[in-house]
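Asker: I'd like to ask you about the structure that follows.
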Amino acid sequence: IIKNGILSCKIENFPLYVMNAYMTTNVDGDYSVNNRFAKYLDAQLKQLADVLKTLSAKKNEIIIAGDFNMAKDSDFYEQFLKLSHVKDIFTNFNTPTQHPEYSPKDKEVKRIDYIFLLNQYAQTTIASAKHLFTQKVIMPNGKSLYLSDHIGLRTDLTFHFPEEYIKENPNLALT
């Protein structure tokens, strides 16, 4: 991915990729298409959508999570959903994923972190979707700090593959 990247892990004997993405940092907190980082983000999202399309064409399910540095109410978010055909696991949440003290003071804090799912072969159940690192913790030096400048996202998923898919893939690890 231009200037940043993705990490990818293929689960052995299971048609699943788990990926982590980090898109161009937007230190301005401006998530409009006119921001100074827009052309990088646009190119990165298009590259990522191409990667997802390639992996999905090989009958893989994909979980991709990370700091996308795009607001849920931005044009970039809608564009990425259309290009990649992913589902936003936290679609019902609008909770900001940055702590305000780490963001520009004059900007509204937004949700910029996501867990997306691209599944075409398995029925997937989302058992839970939770936020992590929402409270400060006392450090050994006595200071009270957040564990991250971002609020973490956690989900539990279950994949149910159809019988015909299982028959076509005898090495599939289902336990």
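Asker: So, of the residues in the range 111-125 that are modelled with pLDDT of 90 or more and touching a helix residue (DSSP H, G or I) at 6+ places or on another chain (Cβ under 8 Å), which turns out to be farthest from Phe159 (Cα to Cα)?
Answerer: Only one residue tops the list, namely Phe116.
Condition check ((1) of a type in the set (Val, Ile, Thr); (2) out of contact with any helix residue (DSSP H, G or I) (no Cβ under 9 Å at 6 or more places or on another chain)) across all residues:
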| site | (1), (2) |
| --- | --- |
| Val18 | yes, yes |
| Tyr22 | no, yes |
| Asp28 | no, yes |
| Ser32 | no, no |
| Asp42 | no, no |
| Gln47 | no, yes |
| Leu52 | no, no |
| Lys59 | no, no |
| Ile62 | yes, no |
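Asker: Turning to a different aspect of this structure: Which one of the conditions (1) open to solvent by 80 Å² or more (accessible area, probe 1.4 Å); (2) under 23 Å from Lys3 (Cβ atoms); (3) of a type in the set (A, V, I, L, M, F, W, C) does Ile126 fail to meet, given that it meets all the rest?
Answerer: Single failed check for Ile126: (2).
Asker: So Pro100 ticks every box in (1) exposed (fewer than 14 other Cβ atoms within 10 Å of the Cβ); (2) over 24 Å from Phe133 (Cα atoms) but one. Which box is left unticked?
Answerer: Tallying (1) exposed (fewer than 14 other Cβ atoms within 10 Å of the Cβ); (2) over 24 Å from Phe133 (Cα atoms), Pro100 fails exactly one: (2).
Asker: Considering only the range 111-143, how many residues are in a strand (DSSP E or B) and either among the polar types (S, T, N, Q) or touching a Cys at 6+ places or on another chain (Cβ under 7 Å) (or both)?
Answerer: Within the range 111-143, the subset in a strand (DSSP E or B) is 113-118, 123-132, 137-138.
Retained after the next criterion (residues that are either among the polar types (S, T, N, Q) or touching a Cys at 6+ places or on another chain (Cβ under 7 Å) (or both)): 123-125, 128.
Number satisfying all stated conditions: 4.
Asker: What are the pairs, 6+ residues apart or on separate chains, where a residue within the range 65-80 that is within 15 Å of Asp28 (Cα to Cα) has its Cβ under 7 Å from a residue that is of a type in the set (Ser, Thr, Tyr) and part of a helix (DSSP H, G or I)?
Answerer: The qualifying pairs are Met70/Tyr77; Ala71/Tyr77.
For (1) out of contact with any Leu (no Cβ under 7 Å at 6 or more places or on another chain); (2) part of a helix (DSSP H, G or I); (3) farther than 20 Å from Leu157 by Cβ, each residue gets a yes or a no:
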site	(1), (2), (3)
Lys3	yes, no, yes
Leu7	yes, no, no
Ser56	no, yes, no
Lys59	yes, no, no
Met70	no, no, yes
Asp73	yes, no, yes
Lys82	yes, yes, yes
Pro104	yes, no, yes
Val109	yes, no, yes
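Asker: Which ones in the range 1-43 are more than 16 Å from Asp75 (Cβ to Cβ), open to solvent by 50 Å² or more (accessible area, probe 1.4 Å) and in contact with an Asp or Glu (Cβ under 8 Å, 6 or more places away or on another chain)?
Answerer: Tyr22
Asker: Going by the conditions given, is Lys110 charged (D, E, K, R) and open to solvent by 80 Å² or more (accessible area, probe 1.4 Å)?
Answerer: No; evaluated as a whole, the condition is false for this residue.
Asker: Can you name the residue in the range 144-175 that is outside any strand (DSSP E or B) and in contact with a strand residue (DSSP E or B) (Cβ under 7 Å, 6 or more places away or on another chain) and is also nearest to Thr124 (Cα to Cα) among such residues? Walk me through it before giving the result.
Answerer: Going through the range 144-175, the residues outside any strand (DSSP E or B) turn out to be 146-149, 151, 161-175.
When the remaining residues are screened for being in contact with a strand residue (DSSP E or B) (Cβ under 7 Å, 6 or more places away or on another chain), the result is 147, 149, 151.
Values: Leu147: 31, Asp149: 30, Ile151: 25 Å.
For the range 144-175, the residue satisfying everything is Ile151.
The values are calculated or read from the model by the stated rules, or taken from the named source; none is laboratory data. Since the structure is predicted, the reported quantities are computational estimates derived from the model, not experimental observations. Positions of Cβ are backbone-derived with ideal geometry, glycine not excepted, and every protein chain shown enters the neighbour counts. Protein only, heavy atoms only, side chains kept; ligands, DNA and RNA dropped before computing areas. Shrake-Rupley method; radii C 1.70, N 1.55, O 1.52, S 1.80 Å.
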